[in-house]
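Following: one structure in structure tokens, then a few remarks.
The values are calculated or read from the model by the stated rules, or taken from the named source; none is laboratory data. Everything numeric here is computed off the predicted structure, so don't read it as measured data. Here the Cβ positions follow ideal geometry from the backbone for every residue, glycine too, while neighbour counts run over all protein chains shown.
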Amino acid sequence: MKKSLLLIAGLAIFSCKTEPKPEKIDYAILSGKVENKKADKIVISGGDFKHEINLKDDGTFLDTLTIDEGYYTVRYGRNRASLYLSQGDSLNMSTDGLKFNSEMKFTGNGTAPNSYLAKKLSEGGNLNFQEVYANEEADFLKKIGEMKTKALGRLTEAKDLSKEFVALEKESINYEYLANLARYPSYHPYFAKKEDYKASENLLDALDKVDYDNEADYRNFDSYQQIVSQHYMKEYYEDSLKVESINTIKGLKSQNIKNALASEIAYDISPSGKHNEKIFNTIKEIAKNEKILKEVTEKYNKVQNLVTGKNSPSFDYENNAGGKTSLADLKGKYVYIDVWATWCGPCIGEIPSLKKVEKEYHGKNIEFVSISIDQKDAYETWKSMIKNRELGGIQLMADNAWKSQFVTDYAIEGIPRFILIDPNGKIVNADAPRPSSPKLIELFNELKI
């Protein structure tokens, strides 16, 4: 009998040892519905993670996301909001496509932190930069201090939040405060219209304690990302030779930060760039991301073909006046091109100067062409702005917004962008002076237009 019991016990032990272990849950399930659907997908991103979820015709969606615990960003069209996802969550999100940020509601596992973040976004509202950054230093510090206190109070009042999440949110709120502080020296002169403003000696002392090479914080906090970007890119643009600032970036421990800064530095590769080759070679040393390296290589190669004397990429786009207009239609004249959009403030700011230049050169050997890269759903807005602002010249709309061939061929990543082409269709300047710059008329005079 004892032998039988021992045999059974031995089998039980053997059975326990060979039974498969439960599979580790390394994912979260995200489902929901977007009422009044205006876009076909939502995009979830965070760190190196990026995943698109297609919406069904009725706006519903369901997907499994392999994630680490932490903050993520959900984007819908031009709207964005924060999510907090944990492994094992089964989270349901509902909202309205017309009021995406203000109507977000959650149910299921993970509701508490995400309901808090939705309320934070809704009650916090969009920062009124004009109101905040036009203030003098003392009033500005008081304002952002009050914003920080209010945010901490909202966190204290929230229920059912884990200690870990509360600790992270306190860090997040502090970084939001520091990001506002870091922006002040560059924002205040613009919003207060004080070009000669210089920050007080101790204004930014709080930023001295920031660790600008923190991998975990860079992964978690958008505001920390902004602080890091501003810190290193300020050094980069103030360094005429780019040597010291680039060496500093090379020495960072966080590869994610180096990858992100490499992407930002790539913006400086341009037809008018003085350090294109050095920047390109440096990015190849810094970045360890195939997508970044591929995109930068493509851009660098394009820029090599955008120098003076090269044949210009062409276009053939819808003309507001009717039909289509191509670059070939304008052969025999200089062509000054303004790439813009109805939503772009700096673009609209150039309109008065552009109209003045157009008037001055009316009847001369030059055509002024404005190419809108608005999305198709802004077509009527484009038409209305042309009429209401009495825009002159040749008004065209690109066929595929930012992805239009002419836009990508000219490596355009920011607008407004101005281009000058000669009567034979060759590039004079792929990054020409703006209408508001005296250098434009100087250029026209040199060419005897």
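Annotations for the structure displayed:
- Residue within the stretch 82-101 that is assigned by TED's automatic domain parsing to the domain that holds D57, at pLDDT 95 or above, assigned to a helix (DSSP H, G or I) and closer than 26 Å to G59 by Cα present: no
- On inspection, T73 passes the criterion of being farther than 14 Å from K33 by Cβ and either surrounded by fewer than 17 Cβ atoms within 10 Å (Cβ to Cβ) or of a type outside the set (S, T, Y) (or both).
- Residue match in the stretch 307-326 (condition: out of contact with any strand residue (DSSP E or B) (no Cβ under 6 Å at 6 or more places or on another chain) and among the charged types (D, E, K, R)): no
- For the stretch 159-187, residues that are within 20 Å of the chain's Cα centre (by Cα) and under 17 Å from K119 (Cα atoms) total 2.
- Residue count for the stretch 303-315, restricted to those that are part of a helix (DSSP H, G or I) and crowded, with 17+ Cβ neighbours inside 10 Å: 1
- Restricting V132, V166 to those that are of a type in the set (A, V, I, L, M, F, W, C), over 30 Å from A39 (Cα atoms), in a helix (DSSP H, G or I) and at pLDDT below 95 reduces the list to V132.
- Counted residues, the stretch 235-278 - those being touching a Ser or Thr at 6+ places or on another chain (Cβ under 7 Å) and without any contact (Cβ under 8 Å) to a residue 24 or more places away in the chain: 2
- Of all residues in the stretch 274-290, exactly one satisfies the criterion of being assigned to a helix (DSSP H, G or I), modelled with pLDDT under 90 and of a type in the set (K, R), namely K278.
- Number of the exception - E35 against (1) of a type in the set (D, E, K, R); (2) surrounded by fewer than 16 Cβ atoms within 10 Å (Cβ to Cβ); (3) closer than 29 Å to D217 by Cβ: (3)
- For the stretch 330-343, the criterion of being basic (K, R), loosely packed, with under 14 Cβ neighbours inside 10 Å, on the phi < 0 side of the Ramachandran plot and in the same structural domain as S437 (by TED's automatic domain parsing) is met by at least one residue.
- Residue ranges of strands (runs of 3 or more DSSP E) in the stretch 333-406 with at least 1 members free of Cβ contacts under 8 Å to residues at least 60 places away in the same chain and not aromatic (F, W, Y): 366-372
- Of all residues in the stretch 269-288 being surrounded by fewer than 18 Cβ atoms within 10 Å (Cβ to Cβ) and over 25 Å from D422 (Cβ atoms), the one that is nearest to the chain's Cα centre (by Cα): K288
- Any chance V303 is touching a strand residue (DSSP E or B) at 6+ places or on another chain (Cβ under 9 Å) and within 30 Å of N424 (Cα to Cα): no
- Just one of the numbered conditions (1) more than 23 Å from the chain's Cα centre (by Cα); (2) within 28 Å of S270 (Cα to Cα); (3) surrounded by fewer than 15 Cβ atoms within 10 Å (Cβ to Cβ) is not true of S370: (3).
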